[in-house]
Amino acid sequence: MKRALITGVAGQDGSYLSELLLSQGYEVWGIVRRSSVPEHQSSRIGSLGEQLHLEYGDLLDSSSLERCMRLAAPDEIYNLASQSHVRISFDIPQFTVQANAMGLLNLLEVYRKVAPEARFYQASSSEMFGNSVDPDGFQRETTPMNPVSPYGCSKLFGYSMVRNYRNSFKLFAVNGILFNHESPRRGSNFVTNKVVKTAVQIKHKLAKRLVLGNLDSFRDWGHSKDYVRGMHMIINHDQPGDYVIATGHTHSIRELCEYVFTRLGMDYREYVVQDAKFMRPEELTYLRGDSSVFRKTFGWEPEYTFEALLDEMIEHWEAVVEGRDEARLAGLRSALPM
Ligand code: GDR
């Protein structure tokens with residue numbers, strides 16, 4: 001039986017990856033940070049119950065990482081934990097860099113010393129590209145990286161350290177350079193879920209308007225479920241490498257709003273307003289990933305289109321509002337986070 005250790009296990013990707021690995025017979029260990037809401041009650045991983053081995057730990061506490069590494073004795077380590085919100089990284093830049101850069105380095109060091117035979121996956125990000133675009137309109141593995149946010153800078157450090165450790169210490173350490181990936185489990189302060197959730201609220205008269213930042217940036221949105229399959233493929237390849245995972249399609253925030261509101265029988269222009277507080281000091285304006293190296297190497301294809309992804313998210317929030325998901329209805333009535 002293979003053993004996996006996942007940081008960020010209670011997040012969107014951590015929960016889908018846990019389900020995937022458990023379905024393949026893995027013993028799955030997850031590191032969770034202590035918070036006032038016990039993680040085993042989290043709606044994302046709560047249903048997995050005792051199939052998951054959860055341990056308290058923190059990327060900023062090396063001794064906790066070492067304890068978890070020894071307990072889990074993993075064959076595969078997935079570092080999915082981070083301060084993952086780009087705009088908020090401008091408010092808390094030092095914490096973001098500590099968690100995403102130093103935290104990753106802490107984990108790499110424990111990996112190198114305690115479990116060097118294991119394989120290591122780092123959640124790298126398209127945010128590392130910043131506003132670099134190849135002449136054909138895509139970002140790919142060879143596109144220059146010029147991040148435009150504290151988050152992007154911290155991720156570029158992590159990406160580089162993983163390559164450095166792979167080359168210096170002959171470790172099987174890899175990067176997945178993932179473009180935006182969403183699902184009903186996405187946090188409500190990321191734009192897809194914010195748009196879908198608020199549009200459903202508006203339709204059911206639980207909200208009056210949707211307050212957004214920049215409507216004219218473009219993103220390449222896929223489904224988290226498709227992308228965690230990709231993580232597992234990369235870490236199980238016969239040689240370590242770094243790969244872009246993306247759909248190759250791009251849409252603006254405006255197009256996202258238009259699709260979601262139209263599906264719900266409304267015109268987004270009547271409800272969407274802009275507020276500077278949701279703008280970024282420097283914006284990454286355009287993302288469109290070329291994942292042909294990854295597709296060719298692994299035969300991967302996404303199962304979800306942009307429309308199928310949003311339809312699933314709409315159906316999720318409709319179920320919540322219509323009272324088919326009572327537990328979540330209470331949360332829906334509370335003020336929206338940023
Ligand atoms: P992103 O995702 O920054 O690309 O990073 P996010 O959904 O936060 O923003 C996407 C785009 O939408 C614009 N936008 C808004 N964004 C948010 N969050 N809230 C708003 O109200 C709003 N209005 C407009 C943004 O300006 C941006 O252009 C995500 C994260 O998951 C990262 O951790 C990950 O690495 C990358 O995707 C790939």
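Just so you know, all these numbers are worked out from the coordinates, no wet-lab data involved. Please read these numbers as outputs of a predicted model, since none were measured by experiment. Cβ atoms come from the backbone with ideal geometry, glycine included; neighbour counts cover every protein chain shown.
See the values below:
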read-out	value
Lysines whose Cα lies under 21 Å from that of residue 225, excluding same-chain neighbours fewer than 8 positions away	2, 194, 197, 296
Distribution of pairwise C-alpha distances over the range 40-176, 10 Å bins, in %	12, 36, 34, 16, 2, 0
Spin-label proximity, residue 90 to the range 255-282 - amide N less than 11 Å from point 7 Å beyond Cα toward beta carbon	276-282
Computed label-point distance, nm, for sites residue 24 and residue 102 using a 7 Å Cα→Cβ extension	3.4 nm
With Cα atoms, 0 to 90° folded angle of helix 224-235 axis to the chain main axis	20 degrees
Positive dipole terminus of the chain, leading residue within 319, 56, 279 (C-beta point charges)	56
The chain: relative contact order in percent, alpha carbon pairs under 8 Å with at least 6 residues between	16 percent
Extension gain (nm, one decimal) between residue 267 and residue 236, 0.36 nm per residue minus Cα-Cα	6.6 nm
Equivalent-ellipsoid semi-axes of the chain, from the Cα gyration tensor, Å, largest first	32, 23, 19
Cut-off 9 Å between beta-carbons: net charge of the residues surrounding residue 119, Lys and Arg +1, Asp and Glu -1	-3
Net dipole in debye of the chain [+1 Lys, Arg Cβ; -1 Asp, Glu Cβ; about Cα centre; nearest 20]	580 debye
Compactness of the range 265-323, expressed as Rg and Dmax over alpha-carbon positions, Å	17.6, 46
Gain on full stretching of the segment that runs from residue 204 to residue 134 - 0.36 nm per residue minus C-alpha separation	20.9 nm
